[in-house]
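Report on the following structure.
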Amino acid sequence: MSESKSVNAPDSAGATGTTAAAAATPPADGGTGGPRPEPIRFFGTTWLARGGGYAARRVAVSAGSLAAAVGACLLLRFAFEGLEMAKAGSFAGVLVIVMFAVCSAIAFRKTWEGFSKRPADPARDESLRSLKAIGFIGSLTAYFLRSLAEAPGEGLRRTEYETAVTQYERRRTARTRNPAARRGKRPRRT
């Protein structure tokens, strides 16, 4: 199964995209109209029915994000050893450790929040992009932990999709009523 990639697909930090309600255009195959689920990176729309290799994808995403986080820690260790060999001083070493720790904590928190809710202020979230890039280990760790339970962002997308389906059904049933029949039953003005 090929992965469907959306222009609005969120990044690993859960940046905003369109909601499932906005995707209420009829499909190209001539099926019924209505909201379509928003694809999730690495999962496409398999999260909806949890089929199509969903479990295998979750295992692969968990293993991949853990391996990437471990590799990133090794890379940072080599960079720190380079600072030690350059004899940059203990202050520089402590500063680098504190910087990566703080940035990783912020990146973890923002990534984790992005899995459960859309950011209230997308411009502010966008301004933190460089900070999240520095703390990429925190983002990878959040991605790993979330993929142990579900596809990262699945809960948010499922809630939005179910809400969009409910609203679509409500609008659809309201449109199918006969407007002429309602006119005859209005009370007369006296």
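The values are calculated or read from the model by the stated rules, or taken from the named source; none is laboratory data. What you see is a predicted model, and the numbers here were worked out from it, not measured in a lab. No Cβ is skipped: glycine too gets one built from the backbone with ideal geometry, and neighbour counts run over all protein chains shown. SASA here: full protein model, heavy atoms, side chains in, ligands and nucleic acids out. Shrake-Rupley method; radii C 1.70, N 1.55, O 1.52, S 1.80 Å.
Contact map, segment 140-163: residues that are under 13 Å from ARG41 (Cβ atoms) paired with residues that are among the β-branched types (Val, Ile, Thr) and not in a helix (DSSP H, G or I), Cβ distance under 6 Å, separation 6+ or inter-chain. Pairs shown: ALA151/ILE40; GLY153/ILE40.
Report whether or not VAL59 is part of a helix (DSSP H, G or I), within 22 Å of GLU154 (Cα to Cα), free of Cβ contacts under 8 Å to residues at least 40 places away in the same chain and open to solvent by 70 Å² or more (accessible area, probe 1.4 Å). For VAL59, the condition - part of a helix (DSSP H, G or I), within 22 Å of GLU154 (Cα to Cα), free of Cβ contacts under 8 Å to residues at least 40 places away in the same chain and open to solvent by 70 Å² or more (accessible area, probe 1.4 Å) - is met. Considering segment 130-139 alone, what residues qualify as being without any contact (Cβ under 8 Å) to a residue 40 or more places away in the chain and either open to solvent by 40 Å² or more (accessible area, probe 1.4 Å) or closer than 18 Å to ALA49 by Cβ (or both)? Result: SER130, LEU131, ALA133, ILE134. Does ARG171 count as outside any loop (DSSP other than H, G, I, E, B) and at pLDDT below 90? Criteria met by ARG171.
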